[in-house]
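Student: Here's a structure for you.
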Amino acid sequence: MSSILAQDKSTEEQVVAAPDGQLSPLETEAIGLFIQLGCLVSQPRSFAEVYGLLFVSPRPMPVELLIERLGASRASAERAVLFLRRAGLLRMVYVPGDRRMHYEAVAEPRHMVMGFLRDQVLPQLTTAGNRIDRLAEAVRKLPGDEQSPLSDRVAKLQSWGKKSRTLAPMILRLLGS
């Protein structure tokens with residue numbers, strides 16, 4: 001499989017091209033950018049590759065073309081498309097005369113932020129809140145001399161958890177309007 005090297009001043013990343021090496025420099029840079037951003041939020045590389053290619057594509061693409069251009073497996077490409085559609089980052093587009101589903105990137109950062117908050121941050125905040133509550137319960141069961149310094153720390157965690165669980169939905173509402 002041939003590859004193209006995308007360089008950043010601080011980082012060197014390898015972007016894998018299609019078997020015939022048909023990614024343009026523009027496509028390579030876009031894919032490299034979205035791979036880098038995807039790493040920040042722990043998303044699979046294939047999601048960034050699909051989004052990056054569609055982001056700079058002047059026309060919607062069917063999954064088959066994404067597979068061919070990226071050298072990806074069908075399963076990987078379809079998983080990426082499904083995730084990106086659910087996150088509001090891709091939309092289906094009708095192409096006259098072609099019965100296949102075509103996709104285009106939704107190029108609004110608001111959708112990216114909303115999808116990340118809804119799919120990643122909110123579930124983590126809920127899980128963290130449950131863990132903090134269990135932590136507080138465990139601290140309450142400690143002897144008094146061990147309990148005192150820890151209960152203050154846990155109370156601070158509970159306060160931050162409550163504020164973040166209140167703030168995240170407010171941000172989603174603001175972004176949605």
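Student: Which Cα, out of GLY115, MET92, LEU135, lies furthest along the positive dipole direction of the chain (beta carbon charges, K/R +1, D/E -1)?
Tutor: Value computed over the given set: LEU135.
Student: Within region 140-171, which residues have the backbone N less than 19 Å from the label spot 7 Å out from LEU117 along Cα→beta-carbon, could you tell me?
Tutor: Counting backbone N atoms under 19 Å from the label point, the list is 160-171.
Student: Based on the mean of other Cβ atoms within 10 Å per residue, sort peptides 34-46, 139-151 so the most packed one is first.
Tutor: 34-46, 139-151
Student: If you don't mind, there's one more thing I want to ask. Could you tell me the relative contact order of region 37-111? Use alpha-carbon pairs under 8 Å, at least six residues apart, and round to a whole percent.
Tutor: Relative contact order, region 37-111: 32 percent.
Student: Dipole of the chain (Lys/Arg Cβ +1, Asp/Glu Cβ -1, origin at the Cα centre): which of LEU70, SER42, PRO169 lies farthest to the positive side?
Tutor: PRO169
Student: Hey, what do the phi angles of region 132-144 turn into as Karplus ³J(HN,Hα) couplings, whole Hz, using 6.51/-1.76/1.60 and θ = phi - 60°, x for Gly and Pro?
Tutor: 3J(HN,Hα) across region 132-144, in whole Hz: 4, 4, 5, 5, 4, 5, 5, 5, 4, 7, 6, x, x.
Student: How far, in nm, would the chain grow between ALA128 and LYS163 when pulled straight, counting 0.36 nm per residue and subtracting the alpha carbon separation?
Tutor: Length gained between ALA128 and LYS163: 11.3 nm.
Student: Over region 109-176, one equal point on each Cα, no solvent: what is log10 I(q)/I(0) by the Debye formula at q = 0.12, 0.27, 0.28, 0.29 Å⁻¹?
Tutor: -0.41, -1.09, -1.13, -1.18
Student: What's the extension gain from TYR94 to LEU135 if we count 0.36 nm per residue and subtract their Cα-Cα distance?
Tutor: Length gained between TYR94 and LEU135: 9.6 nm.
Student: For region 26-66 and region 106-177, what is the separation of their C-alpha centers, rounded to whole Å?
Tutor: So the two Cα centres are separated by 31 Å.
Student: Once you keep just the Cα pairs under 8 angstrom separated by 6 or more residues, what percentage relative contact order results for the chain?
Tutor: So the answer I get is 14 percent.
Student: Run lengths n ≥ 4 of DSSP H only: what is the helix-derived mean residue ellipticity at 222 nm for the chain, with -39500 (n - 2.57) per run over all residues, to the nearest 500?
Tutor: Rounded to the nearest 500, it is -20000 deg cm²/dmol.
Student: For SER73 and LEU174, what does the FRET efficiency come to when R0 = 45 Å and r is the distance between their Cβ atoms, rounded to the nearest 0.05?
Tutor: It comes out at approximately 0.70.
Student: As an exercise, identify the chymotrypsin sites (Phe, Trp or Tyr not before Pro) in region 63-162 lying in DSSP coil whose Cβ has no more than 13 other Cβ atoms within 10 Å.
Tutor: When the chymotrypsin sites (Phe, Trp or Tyr not before Pro) of region 63-162 are filtered for loop state and at most 13 Cβ neighbours within 10 Å, TYR94 remain.
Student: I would also like to ask the following. Can you compute the charge dipole magnitude of the chain about its Cα centre, using +1 on each Lys and Arg Cβ and -1 on each Asp and Glu Cβ, nothing else charged? Give it in debye, rounded to the nearest 20.
Tutor: Roughly 920 debye, rounded to the nearest 20.
Values in this text are rule-based calculations from the coordinates and carry no lab data. Since this is a predicted model, take the numbers as computed values, not measurements. Every residue, glycine among them, receives a Cβ derived from its backbone with ideal geometry; neighbour counts consider all protein chains shown.
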